[in-house]
1. Need pairs with beta-carbon distance below 8 Å; first residue acidic (Asp, Glu) and within the stretch 18-38, second modelled with pLDDT of 90 or more; sequence gap 6+ or separate chains.
2. Working only within the stretch 12-63, note down all residues that are exposed (fewer than 15 other Cβ atoms within 10 Å of the Cβ), among the polar types (S, T, N, Q) and assigned to a strand (DSSP E or B).
3. Regarding the stretch 55-68, can at least one residue be identified that is among the hydrophobic types (A, V, I, L, M, F, W, C) and modelled with pLDDT of 85 or more?
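The values are calculated or read from the model by the stated rules, or taken from the named source; none is laboratory data. The structure displayed is predicted, hence computed values, not measured ones. Cβ placement follows ideal geometry from the backbone for every residue including glycine, while neighbour counts extend to all protein chains displayed.
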Amino acid sequence: MEYIDRTKPIREGEEFDLAKVEAFLKDSIPGLQGKLTVEQFPGGHSNLTYLLKMGDRKWSSVVLPLAGKRRRPMTWGGNTGFRKP
């Protein structure tokens with residue numbers, strides 16, 4: 001039995017606007033380079049968790065809870081020192 005939750009492509013209906021998140025990250029982190037890629041940790045369905053990668057940086061983001069299409073970011077990479085979108 002495997003206990004590691006490996007990332008997978010984002011499930012249909014649980015996508016978000018990657019361009020807005022990429023713009024936010026580039027605006028918030030000076031010198032950040034590269035294209036944003038996002039995968040989803042498939043273990044959760046009400047508390048969605050994503051892995052965001054950009055250049056040599058990685059973050060996890062938890063979105064609580066799903067209420068139709070409304071989503072509220074809870075964390076953006078833990079204590080990274082930049083504001084939540």
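1. Qualifying pairs under 8 Å: Glu22/Lys35; Glu22/Leu36; Glu22/Met54.
2. Hits for the stretch 12-63 are Thr37, Ser60.
3. Our first condition is that a residue be among the hydrophobic types (A, V, I, L, M, F, W, C); within the stretch 55-68, this holds for 59, 62-64, 66-67.
Of the ones still in play, those that are also modelled with pLDDT of 85 or more are 59.
Yes, the stretch 55-68 contains a residue that is among the hydrophobic types (A, V, I, L, M, F, W, C) and modelled with pLDDT of 85 or more.
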